[in-house]
Amino acid sequence: MAQKIDGKEVSLFIKDRVKADTNELKTMTGIVPGLAVILVGSDSASQIYVRNKKQACEYCGFYSESYELPEDTTQEQLLELIDALNKSEKIDGILVQMPLPKHINPQTIIECILPEKDVDAFNFVNVGRIMLGEYNFLPCTPAGVMELLKYYKIDACGKECVVVGRSNIVGKPMAMLLLHENATVTVCHSKTSDLPAVTRRADILVSAVGKPGFITADMIKPGAVVIDVGINRMPNGKICGDVDFNEAEKIASFITPVPGGVGPMTIAMLMQNTLTSAKLKLKRRN
Ligand code: NDP
């Protein structure tokens, strides 16, 4: 039976570290890290994510601002708000909750956030920095996966890693971070032929597809580490990942559950990035 990777435990470990560092930063410099979270529209899943981010800010001792804007907010109005937050001394990180309503171009919005406040690490500058391995922030979900591997002393160096999914927010940066750790990385997508043959090569298999039960036991190499990034809401309201967990755990050496695996790590890494941004602000001042 695989060992379950406990994302709640690791995320708490990281948030406690951020909390302690924040306390020290406050005492030494008076700086309080500040995060602004913007939600446009009333998507219920997004509302939960925003609430969780606010709670995490409180836990870590951050200053936070949250903006819940109506669905018909124009792109110009959103850009104006971001402009004000870019100029705010109190704010170190700006997060715009995705997805946005269809009349707003997400990339335009992301590019308007100052790179030093882009704590999601989605804008061109930060994505470019990740490619070069010279980054201030890492995108929260892939960074969270790397922290899980580190906590469980799973070394990616020299391993065959297969990432299923190539989105800009998960799949591609995930592959890049594994590559920075000297793994041999294969990225799969909807046009990959004979996917099971590729996934069966993986010592570390990361699934970021968004389809329940997509990764079945026969797609997993015995003893592999299985990381399930997927978050899928079932008709009964329950959340599940991409991996057929009950069968996969009989084969894998380590496995992340959903919920309680990668999910909590994303918020913990957002807190980490916001603290990093506040520290960089101090550095620029000195
Ligand atoms: P996207 O929909 O942007 O990307 C899905 C990827 O899966 C695409 O690259 C797509 O390929 C690939 N895919 C789809 N069908 C197949 C198939 N049959 N075979 C192989 N690959 C396939 O999703 P995201 O990357 O944004 O998110 C992925 C999942 O992770 C979702 O469930 C999302 O909810 C979850 N998520 C979880 C987070 C967390 O905090 N744990 C954070 C962010 C996302 P192609 O490019 O060819 O279309």
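The values are calculated or read from the model by the stated rules, or taken from the named source; none is laboratory data. Everything quoted here is computed from the prediction, not taken from an experiment. In this analysis, Cβ positions are derived from the backbone assuming ideal geometry, glycine residues included, and neighbour counts consider all displayed protein chains.
Brief remarks on what is shown
- Within the range 14-49, the set of residues being at pLDDT below 95 and assigned to a helix (DSSP H, G or I) comprises Ser44, Ala45, Ser46, Gln47, Ile48, Tyr49.
- Of the helices (runs of 4 or more DSSP H) lying entirely inside the range 50-166, the ones with 1 or more residues being touching a Ser or Thr at 6+ places or on another chain (Cβ under 7 Å), within 16 Å of the ligand (Cβ to nearest atom) and closer than 30 Å to Asp203 by Cβ are found at 140-151.
- Some residue of the range 269-281 being touching a residue at least 24 places away in the same chain (Cβ under 8 Å), closer than 23 Å to Asn52 by Cα and assigned by TED's automatic domain parsing to the domain that holds Pro173: no
- Matching residues, the range 191-214, being within 12 Å of the ligand (Cβ to nearest atom) and under 19 Å from Met265 (Cβ atoms): Val206, Ser207, Ala208, Val209, Gly210
- Number of positions in the range 215-266 that are within 11 Å of the ligand (Cβ to nearest atom), touching a residue at least 40 places away in the same chain (Cβ under 8 Å) and either surrounded by fewer than 16 Cβ atoms within 10 Å (Cβ to Cβ) or within 23 Å of Lys15 (Cβ to Cβ) (or both): 11
- Taking the range 167-181 as the range and being hydrophobic (A, V, I, L, M, F, W, C) and more than 16 Å from the ligand (Cβ to nearest atom) as the test, only Leu179 passes.
- Index of the failed condition, Ser11 passing every other in (1) surrounded by 16 or more Cβ atoms within 10 Å (Cβ to Cβ); (2) part of a helix (DSSP H, G or I); (3) free of Cβ contacts under 8 Å to residues at least 60 places away in the same chain: (3)
- Number of residues in the range 167-194 that are assigned to a helix (DSSP H, G or I) and closer than 22 Å to Gly7 by Cα equals 8.
Yes or no, residue by residue, for (1) over 22 Å from the mean Cα position of the chain (by Cα); (2) not in a loop (DSSP other than H, G, I, E, B):
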residue: Pro196; (1), (2): yes, yes
residue: Val209; (1), (2): no, no
residue: Asp218; (1), (2): yes, yes
residue: Asn236; (1), (2): yes, no
